[in-house]
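Here's the structure we're looking at; comments come further down.
Readers should treat all values here as calculations from the given coordinates under stated rules, not as data from a laboratory. All values reported here derive from a predicted model rather than from experimental measurement. Note that we place each Cβ from the backbone using ideal geometry, even for glycine, and neighbour counts take in every protein chain shown.
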Amino acid sequence: MAIAQFTTQAVGFPTIRLRRLRMTEQFRKMVAETQLSVNDFIYPLFVCPGENVKREVKSMP
């Protein structure tokens, strides 16, 4: 099949949804753009002058 059969003449976007890359779970994982895990998070650390000084950040309970 030619690509022209799947596109409209006005804007060039597909008229049908090509789902080849979403058929199986393995394909979906392979082409996924965003994968978030526990290792992606950052623990906030705030430093202030002095020794053993603890200040609460009110905006971050």
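Data overview
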item	result
Mean Cβ count within 10 Å, highest first, over the residues of peptides 25-31, 44-50	25-31, 44-50
Extended-chain gain in nm, criterion 0.36 nm per residue less alpha-carbon gap, S37 and R20	3.5 nm
Calculated FRET value between F27 and S59, using beta carbons and R₀ = 35 Å, to 0.05	0.25
